[in-house]
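Each reported figure results from applying straightforward, stated rules to the coordinates on display, with no laboratory input. Everything numeric in this text was worked out from a predicted model, so none of it was measured. Glycine gets a Cβ as well: all are built from the backbone with ideal geometry, and neighbour counts include every protein chain shown.
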Amino acid sequence: MDYHVQATDHPEQQEAINALLRTYNRERNPVFYGLRDLPEHLPKPLNLVAYDSANSIIGGLLAETQFEWLKIQILVVAEQVRRRGVGRRLMTMAEDEAKRRGCKRSFVDTMGFQSPDFYPRLQYELAGKLENWDSHGHAKYFYTKLLA
Ligand SMILES: CC(C)(COP(=O)(O)OP(=O)(O)OC[C@H]1O[C@@H](n2cnc3c(N)ncnc32)[C@H](O)[C@@H]1OP(=O)(O)O)[C@@H](O)C(=O)NCCC(=O)NCCS
């Protein structure tokens, strides 16, 4: 076979590469992709915001659910109100809503300089850790929890 490889910045070529993998994936797993492409199985946002009594935002959680997974992207509580249960409440509300949607597992990742010790307090188990993820000495932690 005669072929060559070159660098590319072209979106059309990148789309052609994506299309090759899409075709492969759909051939290998037609049942999953057939279901995943249905509108009711698209990732569904699950976003929560916490306000104080002056109606100022003091924290929130941004996540989505799809099939059996709750995937948490952002969790934050303002510094002045930390350690008063707001973070736990946001997580519990998200998990409860995810269970209502049929989810069985939750996933979140966090950096070593963020809150790797917070999630075990909420019964999350360490699924993996990548050292020096930010190239500045901080590991990335992956946590999961069985919701059922
Ligand atoms: C992590 C964070 C959301 C926790 O929110 P919070 O409102 O302070 O947490 P809570 O008060 O609900 O704490 C729940 C439990 O976790 C513990 N906890 C809270 N923050 C913790 C931390 N950073 N490390 C270890 N344990 C922690 C609390 O002591 C409490 O334990 P207990 O119920 O067994 O006594 C908050 O500290 C924060 O926003 N941090 C900065 C941003 C960040 O790291 N976000 C997560 C990125 S993935």
Check: For the pair residue 148 and residue 89, what calculated FRET efficiency results from E = 1/(1 + (r/R0)^6), where r is the Cβ-Cβ distance and R0 = 30 Å, to the nearest 0.05?
Finding: 0.90
Check: Lysine pairs, Cα distance under 25 Å, 8 or more residues apart or cross-chain: how many in the chain?
Finding: 15
Note to self: If I build a Gaussian network model for the chain, linking alpha-carbon pairs within less than 10 angstrom, which residue out of 65, 23, 110 has the largest mean-square fluctuation?
What the structure shows: 23
Next item on the list: Show that you can apply the helix-only estimate: for the chain, add -39,500 (n - 2.57) for every DSSP H stretch of four or more residues, divide by all residues, and state [θ] at 222 nm to the nearest 500.
Entry: -9000 deg cm²/dmol
Item checked: Karplus (6.51, -1.76, 1.60) ³J(HN,Hα), θ = phi - 60°, over region 82-94, in Hz, Gly and Pro reported as x -> 5, 6, 10, x, 5, x, 4, 5, 4, 5, 5, 5, 5
Check: In the Gaussian network model of the chain, springs joining C-alpha atoms below 10 Å, which of 80, 14, 114 carries the largest mean-square fluctuation?
Finding: 14
Checklist line | Cβ crowding within 10 Å averaged over residues, with 44-50, 26-32, 66-72, 7-13 ranked highest first | finding: 66-72, 44-50, 26-32, 7-13
Check: Mind checking which of 124, 24, 51 has the largest fluctuation in a GNM of the chain, springs on alpha carbons under 10 Å?
Finding: 24
Next item on the list: List every residue whose amide H lies under 5 Å from the amide H of residue 133, counting only residues 5 or more places away in sequence or on a different chain, with H placed 1.01 Å from N in the peptide plane.
Entry: 138, 139, 140
Check: Projected onto the charge dipole of region 15-63 (+1 at Lys/Arg Cβ, -1 at Asp/Glu Cβ, origin at the Cα centre), which of 55, 16, 38 gives the Cα projection farthest towards the positive end?
Finding: 16
Check: What is the Cα centroid distance between region 9-37 and region 90-125, reported in whole angstrom?
Finding: 30
Note to self: Once you compute Rg and the Kirkwood Rh from C-alpha atoms, what is the Rg to Rh ratio for the chain?
What the structure shows: 1.08
